[in-house]
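Before any comments, here is the structure.
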Amino acid sequence: MNIAIRNPVAMRREEGSLQVALDPADRIETAKVFAVYGKGGIGKSTTSSNLSVAFSKLGKRVLQIGCDPKHDSTFTLTKRLAPTVIDALESVNFHSEELRPEDFVVEGYNGVKCVEAGGPPAGTGCGGYVVGQTVKLLKEHHLLEDTDVVVFDVLGDVVCGGFASPLQHADRALIVTANDFDSIFAMNRIVAAIHSKAKNYGVRLGGVIANRSAKTDEIDRFNAAVGLRRLAHFPDLDVVRRSRLKKSTLFEMEPSPELKAVTDEYMRLAEALWAGADPCEAAPMKDRDLFEFLGFD
């Protein structure tokens, strides 16, 4: 089934490219919204899920939206692969009024509400449509009215307007990166995408989360050059790998001094974001300039 044809989406031109247009009625106005980006495999889902738990432990009502067709963003919260919004809509022939919240919302650890947007079959549709329909469905069921924080976990690098569409809803974009060439190169491209979206929407760069890295020297050097800041640092620890295998968040793992340092850092990050992360006025580098900038002799 070609979802893009059956359910056409409005498009608009931004900076010479064709983008998915946001219906003003579908804006999220009742919660603080964060969109988490980064290189594929960098740990966005782990970061998003544990950050969601940290917000919930601050007493906030949290909704996490997974935007990857693999629908694996929230499984450490729910202990299952949750049904996707696209699956739910398809089951009722796209008559959204026939759906109930429990058809597409699963409650996870510590009360975090979890939604997996899913995606169209490969090569047949647009990820932006899926995100738009997810937010529309949440608003139709008044689920956003009881939410303090929304966390969008977005797949891979930003390479198309569709998967950049969460930026149209977000207040702050967060970038997860490691202290290596490929992750920082991807981060620079993400900065460029966010910089472009900020011309038409309210999203701003919140900062950088260093992940799976013993050191942060290259990240910090890049941040200083382009106008970013590091918000948190999570080293490459085996407890993170084990938490994924146990289908658990880090907050559910057996206590240890090593684990406490990580969960304390998540709590500190959540507190800082809730208090209000000042926007970073970052200016991305040209690819060739970044190529010359990174690394050492």
Farther than 24 Å from L259 by Cβ and surrounded by 24 or more Cβ atoms within 10 Å (Cβ to Cβ): which single residue out of A224, A164 fits that description? A164
Just the residues that are over 20 Å from V105 (Cα atoms) and either open to solvent by 20 Å² or more (accessible area, probe 1.4 Å) or in a loop (DSSP other than H, G, I, E, B) (or both), please, taken from region 25-56. A25, K39, G40, G41, I42, G43
Going through region 271-297 in order, the residues found to be exposed (fewer than 11 other Cβ atoms within 10 Å of the Cβ) and in contact (Cβ under 8 Å) with a residue 40 or more places away in the chain are G295
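Condition check: over 18 Å from E265 (Cβ atoms) and assigned to a strand (DSSP E or B). Does L167 satisfy that? Even if it seems obvious, please write down each step before you answer.
Numbers: over 18 Å from E265 (Cβ atoms): yes; assigned to a strand (DSSP E or B): no.
The answer is no for L167.
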Filtering region 138-157 down to residues that are open to solvent by less than 20 Å² (accessible area, probe 1.4 Å) and without any contact (Cβ under 8 Å) to a residue 40 or more places away in the chain yields none
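So if I check each of L89, L63, L77, which one is out of contact with any Cys (no Cβ under 6 Å at 6 or more places or on another chain) and modelled with pLDDT of 90 or more? Steps first, answer last, please.
On the way: L89 fails: modelled with pLDDT of 90 or more; L77 fails: out of contact with any Cys (no Cβ under 6 Å at 6 or more places or on another chain).
Going through L89, L63, L77 in turn, just one is out of contact with any Cys (no Cβ under 6 Å at 6 or more places or on another chain) and modelled with pLDDT of 90 or more: L63.
Given the criterion within 19 Å of the chain's Cα centre (by Cα) and open to solvent by 60 Å² or more (accessible area, probe 1.4 Å), identify the matching residue among R242, R268.
Values: R242 fails: within 19 Å of the chain's Cα centre (by Cα).
Selected residue: R268, the only one of R242, R268 that is within 19 Å of the chain's Cα centre (by Cα) and open to solvent by 60 Å² or more (accessible area, probe 1.4 Å).
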All conditions in (1) over 22 Å from I175 (Cβ atoms); (2) outside any helix (DSSP H, G or I) are true of S73 except (1)
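Would a scan of region 211-220 turn up a residue that is closer than 24 Å to C114 by Cα and assigned to a helix (DSSP H, G or I)? I'd like the intermediate steps shown before the answer.
We begin by selecting, within region 211-220, every residue closer than 24 Å to C114 by Cα; these are 211.
Of the ones still in play, those that are also assigned to a helix (DSSP H, G or I) are none.
No, because not a single residue in region 211-220 is closer than 24 Å to C114 by Cα and assigned to a helix (DSSP H, G or I).
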Would you mention how many residues in region 76-105 are closer than 23 Å to R244 by Cβ and open to solvent by 40 Å² or more (accessible area, probe 1.4 Å)? 4
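Is it fair to say E218 is surrounded by fewer than 18 Cβ atoms within 10 Å (Cβ to Cβ), more than 18 Å from the chain's Cα centre (by Cα) and of a type in the set (D, E)? Even if it seems obvious, please write down each step before you answer.
On the way: surrounded by fewer than 18 Cβ atoms within 10 Å (Cβ to Cβ): no; more than 18 Å from the chain's Cα centre (by Cα): yes; of a type in the set (D, E): yes.
Considered against the rule, which asks whether it is surrounded by fewer than 18 Cβ atoms within 10 Å (Cβ to Cβ), more than 18 Å from the chain's Cα centre (by Cα) and of a type in the set (D, E), E218 comes out as no.
The values are calculated or read from the model by the stated rules, or taken from the named source; none is laboratory data. Only a predicted model underlies this, so the values are computations on that prediction, with no experimental measurement involved. So basically every Cβ, Gly included, is an ideal-geometry build from the backbone, and we count neighbours across all protein chains shown. Remember, those area values only see protein heavy atoms, side chains included, never the ligands or the DNA or RNA. Shrake-Rupley method; radii C 1.70, N 1.55, O 1.52, S 1.80 Å.
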